[in-house]
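Colleague: First the structure, then my questions, so here it is.
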Amino acid sequence: MRDVVSASWVFTEDNNALKWCGMLGATVTRTLSGNQVAKLDSSLGSRFSQKTSSQSPRWGMEDLCPDPLVFAIGTGLPRLRLLETQIDGGSEWENLCSIGAGPATLVSRIAAVHQKESSGGRRMMRTTYEVTGYSARGEKLGVARGFSLDVGGEGGVAA
Amino acid sequence: MIAPKMKVVAGSTWREDPVTVSAADLVRWAGATEDFTEFHFDKEAAIARGFQGPVVNGPWKARAAKAALLARIGHQSAHVRRMTFEYRKADVVGVALAFEFTIASVTESDADGSDLEVTVRVLDPADVVTTVGTIYVHLEPQCDSDDLPLDRVRSAVSLGTPHGPFSYRVEHADIERYQRLSGRPEDRIDNIMPAAFFGSLDPVERRDLELDDFLLDLSIPKIGGGNAFNQVEYERPILAGELISVTTTYTEVYEKKGQGSRLLFRVRENVFTDESGTQVGTARNGHVLAYQLASAGAR
């Protein structure tokens, strides 16, 4: 293995990590409803708005898949343990079209593993878990991504 | 009109009042997301993992940031196209978090509204940035009067220009099920497509042709809508198994003013042809949306 050290994220060349890329989780059908969105919003209380997004005609991937990392792991994908410590490194949601009430199909996969070295010299690896949503008609609704961040020294790959 | 609560200007920066997240908030979040990782709501589990207390879920902070932003700019006319968050440091329950926003850019278009790029920072009481993010928001054009955007609708549907063709197989099982559900006696069930079945061959009803979905986001309150009329004429019976091509042309967009509401009509014509290219039928469909007049809403 050639150790790639960079201040920005680059694709890892570690074959022990790369072998997981492309792995698919179980396909899941979720039915989004105003009630479900209201449950998510109830965790925010009334801090930001008296009107909740459960009344919005447009829902997004952040409503269909509010925690992409947790969702992807729940579909059977392994939480990779590439270095000493694993944390939730971030999330991303992209909406390609509005999502209404009704069933949607979610397909999750391990999309990529990147690595870099922090300014403090700590090695970090980032696994991207990608969840793609499709409508009942097969239309792509959007994509949600969860980033699992591994921090620390050398470590083996274990699911 | 629903006025934005703040003027959207590039460079604007503001900080919301601090938010203290409770364990109850995170239990609700756990229930809604089915994430029952204990260190998010169980103090002992969190301490065992080296945290000072239950850890606030990163996506909770992302959702809170979105809610705060949309509430600030008036979310009736706004929708999020993309948002990305990086969780840099764990926040624990009971600690006040500050959400700070900066409008990085505003791209305006008269017809389509505005696109905002908003950066977000979440800071702990020591002003350490624990989370950073960017939210991309689309704002629909604001309507300052009761006027419906007729020209925009006409342009969106390309009035007079055919769309398609869209091809659909007329399935025997669908015809049979339709005939049964509509009460036809068993001995009269056949393989001829009923006249009222035309909707199954309509690209708009099937959502294969969506040209004016921006109407969902108009800032004028929508109070109703549905099919206004349908007219179908067949040149010959359409049989199960046939592959039918459909071309859709919007022919009229107009409005009618009612008491307290304004009605927006979009009329489209579908032309059905068979595999030899011969026209086998036409349908003319009118759809109506009802909007509350601003003056009525003010009463």
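No lab work stands behind these numbers, since they all come straight from the coordinates. Bear in mind that the values here come from a model prediction, so they are computed numbers and not experimental data. No Cβ is skipped: glycine too gets one built from the backbone with ideal geometry, and neighbour counts run over all protein chains shown.
Colleague: Averaged across the residues of B:77-83, what count of C-beta atoms belonging to other chains lies within 10 Å of each residue's C-beta?
Modeller: 6
Colleague: What's the FRET efficiency of B:Leu150 with A:Ala101 using the Cβ-Cβ distance as r and R₀ = 30 Å, to the nearest 0.05?
Modeller: 0.55
Colleague: Then there's this: Using only Cα atoms, locate the centre of segment B:211-288 and the centre of segment B:153-174, then give the distance between them in Å, rounded to an integer.
Modeller: Value for the Cα centre distance between the two parts: 9 Å.
Colleague: State, to one decimal in nm, how far the label point of B:Thr251 lies from the label point of B:Leu181, with both points 7 Å from Cα in the Cβ direction.
Modeller: 2.8 nm
Colleague: Still on this structure, please answer the following. What's the average, rounded to a whole number, of partner chain beta-carbon atoms within 10 Å of each residue's beta-carbon in A:81-91?
Modeller: 4
Colleague: Continuing with this model, one more query. Please report the relative contact order for segment B:188-299, taking Cα pairs under 8 Å with a sequence separation of at least 6, and give it as a percent rounded to a whole number. Write out the running numbers ahead of the final one.
Modeller: On the way: 192 pairs, mean separation 34.0, N = 112.
Relative CO of segment B:188-299 lands at 30 percent.
Colleague: Select from A:Gly74, A:Ala7, A:Asn35 the residue farthest towards the positive end of the dipole of chain A; place +1 on Cβ of Lys and Arg, -1 on Cβ of Asp and Glu, and compute about the Cα centre.
Modeller: Checking the options against the dipole of chain A, the answer is A:Asn35.
Colleague: On to the next question. How many percent of all Cα-Cα pairs in chain A sit more than 29 Å apart?
Modeller: Numbers: 3546 of 12561 pairs.
The proportion of pairs with Cα distances above 29 Å equals 28 percent.
Colleague: Next up: Which order do the peptides A:139-147, B:285-293 take when ranked by the mean count of other beta-carbon atoms within 10 Å per residue, highest first? Let's see the in-between values first.
Modeller: Numbers: A:139-147: 21.6, B:285-293: 19.1.
With the highest mean Cβ count within 10 Å placed first, the list reads A:139-147, B:285-293.
Colleague: Quick one: give the max-minus-min coordinate of the C-alpha atoms of chain B along each principal axis, largest first, in Å.
Modeller: Ordered largest first, chain B gives principal extents of 77, 46, 38 Å.
Colleague: Still on this structure, please answer the following. Report the relative contact order of chain A, percent, no decimals, based on alpha-carbon pairs under 8 angstrom and at least 6 residues apart. Intermediate results must be reported in sequence, preceding the final value.
Modeller: Details: 358 pairs, mean separation 50.5, N = 159.
Relative CO of chain A lands at 32 percent.
Colleague: Within 10 Å of each Cβ in A:94-104, how many Cβ atoms from other chains are there, averaged over the peptide?
Modeller: Neighbouring Cβ atoms belonging to other protein chains average 2 per residue here.
Colleague: Still on this structure, I have one more. Order these peptides, A:97-110, A:80-93, B:169-182, by their mean beta-carbon neighbour count within 10 angstrom, highest first. Working shown, then result.
Modeller: Details: A:97-110: 17.7, A:80-93: 21.0, B:169-182: 13.9.
In descending order of packing, they fall as A:80-93, A:97-110, B:169-182.
Colleague: Right, another one. Working from the alpha-carbon coordinates of the protein assembly as shown, get Rg over Rh, Rh being the Kirkwood radius. Kindly include the intermediate steps, with their values, before the conclusion.
Modeller: Numbers: Rg = 26.1 Å, Rh = 25.1 Å.
On the Cα set of the protein assembly as shown, Rg over Rh gives 1.04.
Colleague: A further question on this structure: Give me the compactness ratio for segment B:1-71, meaning the Cα radius of gyration over 2.2 N^0.38 Å.
Modeller: 1.45
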